[in-house]
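I have placed the structure first, in the form of structure tokens, so that the comments after it can refer back to it.
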Amino acid sequence: MQIGADIFCDSQCVIQELEHRFPSPSFFPTADSGLMIGLSRWTDGALFDLTVKIVLGSAGDDLPRDFAEDRGRLYLGADWAEGLKKANENLPHLASQMRGPMSWLNMQLSDGRKYLLGPEAAAIDAQFYHLVWFLRGRWNKGPAFLSEFPHLEKWEAGIADIGHGTFSDMAPEEAIQQAADCEPLEAQSEDQHDPQGLVAGMRVTVSPDVDGGEQPVEGVLVAISSQRLAIRRTDPELGNINVHFPRIGYRFTVLG
């Protein structure tokens, strides 16, 4: 997500920044924000990996090779071709592992509540919805699989009815110009308890904690906390930009 000359990477950062800027209606309408954020490490991590294995494994040889090479390494490891073969062979087992979590959601919704935590939609609804959407739309047995869970399907339809709001297209050139016309947020902060001893002013590289083939991002630390870090980058065309990353799931390495 880009706002002016600030770039927010990963849904963890995006949702927290949106909550900060637009607190009403809240993504966290109950007192369970910490639990929801914690659960996102499962829904966006192991549970999403399981969903991807089911979808990619079911596609088998019909999966476009360029897509398999791009996403396969991230979710199935460097030897993604072998991982894809194993996922195809183990589809019944993988489906059985997904059936449990779907039954938990169905149980949570069995009292007739509209959303997972009650009458108001929350971040946790989005955390689970994208998995259900993926299973239904990208797995040929997804609709039949999900039909076992009537409360979940009713909730799924309610989430879909929320829609995507109002938006307008922006060309890449416009986004670049907007960054060039703005200065990044003042984001300086320190964390005296940082286990790595990171302090503002250090030059670091940032990369995901999994090997998905991405190139590390380099910059100067300007903000540090237990949950987020921001680095300053300077580009000849853009000037200064801040790039914000979650602390969880990313590796920060100090350059000499």
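The values are calculated or read from the model by the stated rules, or taken from the named source; none is laboratory data. Note that the structure is a prediction, hence the values are computed from the model and not measured. Heads up, the Cβs are rebuilt from the backbone with ideal geometry, glycines too, and the neighbour counts pull from every protein chain shown.
Scan the stretch 241-256 for residues that are farther than 30 Å from Gln177 by Cα and in contact with a Pro (Cβ under 7 Å, 6 or more places away or on another chain) and jot them down.
Within the stretch 241-256, just Gly249 meets the criteria.
Could you please let me know if Gln215 is within 30 Å of Asp66 (Cα to Cα) and not charged (D, E, K, R)?
Taking the combined requirement at face value, the residue satisfies it.
Please determine whether any residue of the stretch 137-147 is outside any helix (DSSP H, G or I) and within 22 Å of the chain's Cα centre (by Cα).
Checked the stretch 137-147: at least one residue is outside any helix (DSSP H, G or I) and within 22 Å of the chain's Cα centre (by Cα).
Checking Ala157 against (1) surrounded by 10 or more Cβ atoms within 10 Å (Cβ to Cβ); (2) under 24 Å from Ser96 (Cα atoms): exactly one of these is not met. Which one?
(1)
Which of (1) at pLDDT 90 or above; (2) outside the structural domain of Pro143 (by TED's automatic domain parsing); (3) among the hydrophobic types (A, V, I, L, M, F, W, C); (4) within 23 Å of the chain's Cα centre (by Cα) does Ala157 not meet, given it meets every other one?
Unmet condition: (2).
So Leu198 fits all but one of (1) more than 23 Å from Val222 (Cβ to Cβ); (2) in contact with a Phe, Trp or Tyr (Cβ under 9 Å, 6 or more places away or on another chain); (3) surrounded by 15 or more Cβ atoms within 10 Å (Cβ to Cβ); what number is the exception?
Result: Leu198 passes all but (1).
If you take the residues of the stretch 1-58 that are touching a residue at least 24 places away in the same chain (Cβ under 8 Å) and part of a strand (DSSP E or B), which of them is farthest from the chain's Cα centre (by Cα)?
Asp6
Look through the stretch 97-145, keep the residues that are closer than 26 Å to Ser24 by Cα and basic (Lys, Arg), and return whichever of them is surrounded by the most Cβ atoms within 10 Å (Cβ to Cβ).
Once the filter is applied, the top-ranked residue is Lys114.
Scanning for something in a loop (DSSP other than H, G, I, E, B), of a type in the set (Ser, Thr, Tyr) and in contact (Cβ under 8 Å) with a residue 40 or more places away in the chain, does the stretch 111-126 turn up at least one residue?
no
Here is a yes/no grid of residues against (1) among the hydrophobic types (A, V, I, L, M, F, W, C); (2) in a loop (DSSP other than H, G, I, E, B); (3) in contact (Cβ under 8 Å) with a residue 24 or more places away in the chain:
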{"residue": "Leu152", "(1), (2), (3)": "yes, no, yes"}
{"residue": "Thr166", "(1), (2), (3)": "no, yes, no"}
{"residue": "Ile176", "(1), (2), (3)": "yes, no, yes"}
{"residue": "Glu186", "(1), (2), (3)": "no, yes, no"}
{"residue": "Leu198", "(1), (2), (3)": "yes, yes, yes"}
{"residue": "Gly201", "(1), (2), (3)": "no, yes, no"}
{"residue": "Val206", "(1), (2), (3)": "yes, no, yes"}
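Any residue that is surrounded by 14 or more Cβ atoms within 10 Å (Cβ to Cβ), closer than 21 Å to Asp44 by Cβ and of a type in the set (Asp, Glu) - is there at least one of those in the stretch 206-215?
no
Residues are listed down the side, and each one gets a yes or a no for (1) among the hydrophobic types (A, V, I, L, M, F, W, C); (2) closer than 30 Å to Ala230 by Cα; (3) out of contact with any His (no Cβ under 9 Å at 6 or more places or on another chain):
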| residue | (1), (2), (3) |
| --- | --- |
| Leu146 | yes, no, yes |
| Asp161 | no, no, yes |
| Gly165 | no, yes, yes |
| Ser168 | no, yes, yes |
| Gln178 | no, yes, yes |
| Cys182 | yes, yes, yes |
| Glu190 | no, yes, yes |
| Pro195 | no, yes, yes |
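Name the single residue, out of those in the stretch 224-256 being among the β-branched types (Val, Ile, Thr) and part of a strand (DSSP E or B), that is surrounded by the most Cβ atoms within 10 Å (Cβ to Cβ).
Ile231
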